[in-house]
Amino acid sequence: MLEDKNIPKTPIATLGEFALIEALTKSFEIKESSTQFGIGDDAAVIQHEKDETLISTDLLIEGIHFDLSYMPLKHLGYKAVMVNLSDIFAMNAVATQITVSIAVSNRFPLEALEELYLGIHLACKNYKVDLVGGDTTSSTKGLVISVTAIGKANKDEIAFRNGAKEGNLVLVTGDLGGAFMGLQVLEREKAVFQVNQQSQPDLSEYSYCIERQLKPESRVDIKALLKDLGVKPTAMIDVSDGLSSEILHLSKASKLGCQIYEDKIPIDPEVVKTCEEFKINNTTAALNGGDDYELLFTIEQSDFEKVKGHPHLSIIGHMTDEACGYNMVTGLGQQIELTAQGWNGIKEEEKD
Ligand code: ADP
Ligand code: MG
C-alpha cells in the first residue's frame, strides 16, 4: 500500500518536525466546549467543570498490535482512537479529547502519515472528540502510536470494574468474535498473497468480520442507552482481549464468581459461518478472540425487565459468590471453568 510507485512521495526528512506536525494537524478543529486550548502550546487546557476527568492511554506497536501488510493506515488511525475511546466508554463516561503521539521511521513518507491522520480525523469527527496534542518523534524501524483519551462523567455515573454485586446480571453489547475471525481471514489471505502476488481474493462473504477487525467502532451509545432505560451499570469493562479474560477481570475486581451461558453469548451468523470454515469453535472465538470493543457490564437483577430483549444487549449470565469460581454452562449443560486466555498482543513466551 505504501509502494504505489507512480505517485511521488514526500520524505518526512525534508519537512522538519514542526512542519510535519503542522501538516498532520492543521485540518483539526476544536469543537468540544471543554477544550479551552488545543494544539500549539506546551500543554492543552481543558475545563471539565463539575465532572470528574477520566484519562486512559494505549500504546500500539507495529508488528505486535498491527500489521501494515493488511491494515491500511487510515484504518489504523481510526482503530487507534477506537481502542482508547472504548476505555473511556467502559467507565460509563463521555469521551471529550485525545492526544496522539507517533514515532515514525523514514520508511513512512508524509503521504502515509497523512493517511493515518485522515483516520484519526474521521474518528474525532464521528465520536465528537478534539485532538488537543501529542508528540512526534523518529524511530529506527517500525511505527509506534500512542493515543491518550480524556473523558468526563458525573461522579455517581462512573462504573468501575469492582462494583458488581452477587446476583447481578451480566450483559454484553453487540456481538463477539467477529474481529478475531476477521484477523484469521486476513492472515490467510496474507499467506496466499505471499505465495501468489497475483491473487485477487473475493472477501465479500467475510465483510462483517473484516470490518470488525479493520474498522471497529466503540460503544459511544451505551451510556445514553442505559440512562434512557433507567439502568445504572454496577460494574463495567470493555471487551478488548476476549470475553473470558474480561469477565475474569470484572469478577476478580468485584471479589465475586460468575456464571455465564454459552447459548446466550451473542455471535453474528457470518462469524459462525466463518468459524465453521476455519474449524474454530465459535464460542472459543468469542471467549478468547480479541479486538471486539464491546462493553461487558453488570446490572441489578431488578432491572431485568428494562433490558430484556433489547437488540443491542444480551444477558449472558449472573454474578455468584467468589467461592463458586468462574464458570460457563455449555450448550450441552456441562459446566466448564473460564480461564484467562485472552490475547493481549504479548506473545505466549513473553508473558511473565
Ligand atoms: P514540545 O516541544 O512542547 O513537546 P512539540 O513541538 O512536540 O512541543 O509539539 C507542538 C504542539 O504540537 C504541541 O501542542 C503538541 O501537543 C502538538 N503535537 C505534537 N505532535 C503531535 C501529533 N503527532 N499529533 C497531534 N499533536 C501533536
Ligand atoms: Mg513534543
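The values are calculated or read from the model by the stated rules, or taken from the named source; none is laboratory data. Note that the structure is a prediction, hence the values are computed from the model and not measured. Every residue, glycine as well, gets a Cβ built from its backbone with ideal geometry; the counts of neighbours run over all protein chains shown. Just so you know, the surface numbers come from the protein's heavy atoms only, side chains and all, with ligands and any DNA or RNA stripped out. Shrake-Rupley method; radii C 1.70, N 1.55, O 1.52, S 1.80 Å.
Looking at E211, E217, just one residue is over 23 Å from H318 (Cα atoms), in contact (Cβ under 8 Å) with a residue 24 or more places away in the chain, assigned to a helix (DSSP H, G or I) and open to solvent by 10 Å² or more (accessible area, probe 1.4 Å), and that residue is E211. Just one of (1) more than 16 Å from ligand 1 (Cβ to nearest atom); (2) touching a helix residue (DSSP H, G or I) at 6+ places or on another chain (Cβ under 9 Å); (3) under 30 Å from A164 (Cβ atoms) fails for S86. It is (2).
Filtering K50, K9 for residues that are assigned to a loop (DSSP other than H, G, I, E, B), surrounded by 12 or more Cβ atoms within 10 Å (Cβ to Cβ) and of a type in the set (K, R) leaves a single hit, K9.
Between I55, I46, the distinction of being more than 15 Å from G119 (Cβ to Cβ), under 25 Å from the mean Cα position of the chain (by Cα), at pLDDT 95 or above and within 14 Å of ligand 1 (Cβ to nearest atom) belongs to I46 only.
Residue under question is G77, and the condition is that it be within 15 Å of ligand 1 (Cβ to nearest atom), open to solvent by 60 Å² or more (accessible area, probe 1.4 Å) and under 24 Å from N126 (Cα atoms); does it hold? Here the answer is no, as G77 does not meet what is asked. Here the condition is being at pLDDT 95 or above and either over 20 Å from T136 (Cβ atoms) or open to solvent by 40 Å² or more (accessible area, probe 1.4 Å) (or both); of M1, M82, it holds for M82 alone.
Of the helices (runs of 4 or more DSSP H) lying entirely inside the range 226-310, those containing at least 2 residues that are under 16 Å from the mean Cα position of the chain (by Cα) are 243-253, 282-288. One residue stands out among those in the range 118-171 that are open to solvent by 60 Å² or more (accessible area, probe 1.4 Å) and in a strand (DSSP E or B): the one that is nearest to I299 (Cα to Cα), which is D135.
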